[in-house]
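Enquirer: First the structure, then my questions, so here it is.
The values are calculated or read from the model by the stated rules, or taken from the named source; none is laboratory data. What you see is a predicted model; the values in this text were computed from it and never measured. Quick reminder, even Gly has a Cβ in these numbers, built from the backbone with ideal geometry, and neighbours come from all protein chains shown.
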Amino acid sequence: MGSDLTEAPTEPPSDFRDDVLAKLARADWHRYPDRSQTVVLEKIASCYGISPDSILLTRGCTEALRVSFTAAAAEGFRLLLPAPSYFGFSLIAESLAAPHTFYSGADTVAVLRSAADVTPDSTLVICSPDNPTGEVRQNAEIETLAHLHRGGCIVDLTYDHFAQDPLHPHLADLLEAPVTACLSLSKCFGVAGARLGLLFGPPSALERYRHLVDPFPADYFQLAVLDSLFDDEWKSVREDLVHRVQRDRALVASLVPGILPGARLRELNGNFVSFHYPDDVQPDLIKELLRRTASKHFRHLSLVRLTVNGMTLSGLRAMKRK
Ligand SMILES: Cc1ncc(COP(=O)(O)O)c(C=O)c1O
């Protein structure tokens, strides 16, 4: 398992996987999949309370970001990327040679409003909940910010299903503003191996982006996973995968203060627990924590991000016992 990739700790249960495999066994392997995935898109749309033409299937959230960054750059908008935030944003922008600069992810709407006066020909990228800080933006904030930038907002909702006050139940409202939203199914539903992502946006925008994705957006395996995942029959599996992480997240968070007195926990909204450690922390304690847990150290921020999984829980418990 990747020790610092914020991967899902478990995968869907075996009866779910059997259901997917049975669909795969019935597929016509020698034939191309349909270009338009009406049934699957309708199922996903009904889960998120939006219309099927507001969704594009993508290869992970990474492709959804790549498509929306490409479109913004092609329309002449500079990408404003949050920092600190997901390292993938700048890698994707660089790989596309898309003009980009950074803003502080901790900035308030007021600060961002004056920045927008300086660079109105831009697209603001928001990660909510942010990786690694766990910070979230509210719907109203995103709508305001989207209107301040001529290129609107791209919102990465990868960790949203884990949030205490998630945005996805209000997706239809959010899409009324000039917003596109990207979602990874890797983390929340434990299917990173199927490389599934969703790009949400107003139908007129998605129509323009369609040529940027493969004409066959998903293979038979991906389609079978999507078909089961978003079926009402498996709703409890989706909910359970998220609840288990939230429950273990609370356990991880409860163990940190006893091990690192003075640690300042960030908001708990992802499948990780991030905290700042005090300046006078013993360096060996941080070293041991990093060795025993699935974690990433952001030294310049005095911040550690612990991925919620069995390795982190048992590492923390062992440290507490000492
Ligand atoms: C904020 C954020 N967006 C996107 C991704 C990539 O998601 P995917 O695996 O669906 O490509 C990650 C992966 O860590 C992430 O943290």
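Enquirer: For segment 8-23, give me each residue that is surrounded by fewer than 18 Cβ atoms within 10 Å (Cβ to Cβ) and under 25 Å from V213 (Cβ atoms).
Expert: The one that is surrounded by fewer than 18 Cβ atoms within 10 Å (Cβ to Cβ) and under 25 Å from V213 (Cβ atoms): K23.
Enquirer: Looking at V245, V252, V225, V256, which one is closer than 21 Å to L196 by Cα, hydrophobic (A, V, I, L, M, F, W, C), outside the structural domain of N131 (by TED's automatic domain parsing) and assigned to a helix (DSSP H, G or I)?
Expert: V245
Enquirer: Residues being in a helix (DSSP H, G or I), basic (K, R) and in contact with a Lys or Arg (Cβ under 8 Å, 6 or more places away or on another chain): count how many of those fall in segment 278-322. Step through it out loud before you land on a result.
Expert: Within segment 278-322, the first condition is being in a helix (DSSP H, G or I), and the residues that meet it are 283-292, 299-301, 310-321.
Filter once more, keeping what is basic (K, R): 287, 291-292, 299, 317, 320-321.
Subset that is in contact with a Lys or Arg (Cβ under 8 Å, 6 or more places away or on another chain): none.
Selection size over segment 278-322: 0.
Enquirer: Let me ask you something else. Quick check on L145: is it within 30 Å of H30 (Cα to Cα) and either over 15 Å from the mean Cα position of the chain (by Cα) or at pLDDT 95 or above (or both)?
Expert: no
Enquirer: For segment 128-146, enumerate the residues that are small (G, A, S) and within 16 Å of the ligand (Cβ to nearest atom). Break it down stepwise before answering.
Expert: Here is the first cut: in segment 128-146, the residues small (G, A, S) are 128, 134, 140, 146.
Scanning segment 128-146 gives S128, G134.
Enquirer: When both residues are 6+ apart or on different chains and their Cβ atoms are under 7 Å apart, which pairs have a first residue that lies in segment 198-212 and is outside the structural domain of K187 (by TED's automatic domain parsing), and a second that is of a type in the set (D, E, K, R) and surrounded by fewer than 19 Cβ atoms within 10 Å (Cβ to Cβ)?
Expert: Partner pairs satisfying both residue conditions: none exist.
Enquirer: Between R35, R26, which is surrounded by fewer than 18 Cβ atoms within 10 Å (Cβ to Cβ), farther than 30 Å from G151 by Cβ and either of a type outside the set (D, E, K, R) or assigned by TED's automatic domain parsing to the domain that holds V225 (or both)?
Expert: Values: R35 fails: farther than 30 Å from G151 by Cβ.
Residue meeting the stated conditions: R26.
Enquirer: Report yes if T123 is in a helix (DSSP H, G or I), of a type in the set (S, T, Y) and over 22 Å from H300 (Cα atoms), otherwise no.
Expert: Working: in a helix (DSSP H, G or I): no; of a type in the set (S, T, Y): yes; over 22 Å from H300 (Cα atoms): yes.
Spelling it out, it is not the case that T123 is in a helix (DSSP H, G or I), of a type in the set (S, T, Y) and over 22 Å from H300 (Cα atoms).
Enquirer: Checking the structure you have, find out if any residue of segment 86-109 is touching a residue at least 60 places away in the same chain (Cβ under 8 Å), surrounded by fewer than 22 Cβ atoms within 10 Å (Cβ to Cβ) and either farther than 30 Å from D227 by Cα or more than 16 Å from the chain's Cα centre (by Cα) (or both).
Expert: no
Enquirer: Show the residue pairs that are 6+ apart or on different chains and have beta-carbon atoms under 8 Å apart, the first residue being within segment 134-153 and closer than 9 Å to A177 by Cα, the second being surrounded by fewer than 19 Cβ atoms within 10 Å (Cβ to Cβ) and of a type in the set (A, V, I, L, M, F, W, C).
Expert: Listed by first residue and then by second, the contacts come to I142/A177; E143/A177; T144/V109; A146/A177; H147/A177; G152/A177; C153/A177.
Enquirer: Please indicate, with yes or no, whether at least one residue in segment 177-191 is basic (K, R), closer than 29 Å to T307 by Cα and either touching a Cys at 6+ places or on another chain (Cβ under 6 Å) or modelled with pLDDT of 95 or more (or both). Spell out the reasoning first.
Expert: So the first thing to find is which residues in segment 177-191 are basic (K, R), and the list is 187.
Right, trim to closer than 29 Å to T307 by Cα and you get 187.
Checking which are either touching a Cys at 6+ places or on another chain (Cβ under 6 Å) or modelled with pLDDT of 95 or more (or both) leaves us with none.
Within segment 177-191, not a single residue is basic (K, R), closer than 29 Å to T307 by Cα and either touching a Cys at 6+ places or on another chain (Cβ under 6 Å) or modelled with pLDDT of 95 or more (or both).
Enquirer: Okay, moving on. List pairs: first residue in segment 177-191 and on the phi < 0 side of the Ramachandran plot and assigned by TED's automatic domain parsing to the domain that holds N131, second residue within 11 Å of the ligand (Cβ to nearest atom) and of a type in the set (D, E) anywhere in the structure, Cβ distance under 6 angstrom, at least six positions apart or on different chains.
Expert: C182/D156
Enquirer: Quick one: is E143 under 28 Å from T119 (Cβ atoms), acidic (D, E) and part of a loop (DSSP other than H, G, I, E, B)? Steps first, please.
Expert: Values: under 28 Å from T119 (Cβ atoms): yes; acidic (D, E): yes; part of a loop (DSSP other than H, G, I, E, B): no.
No, not satisfied.
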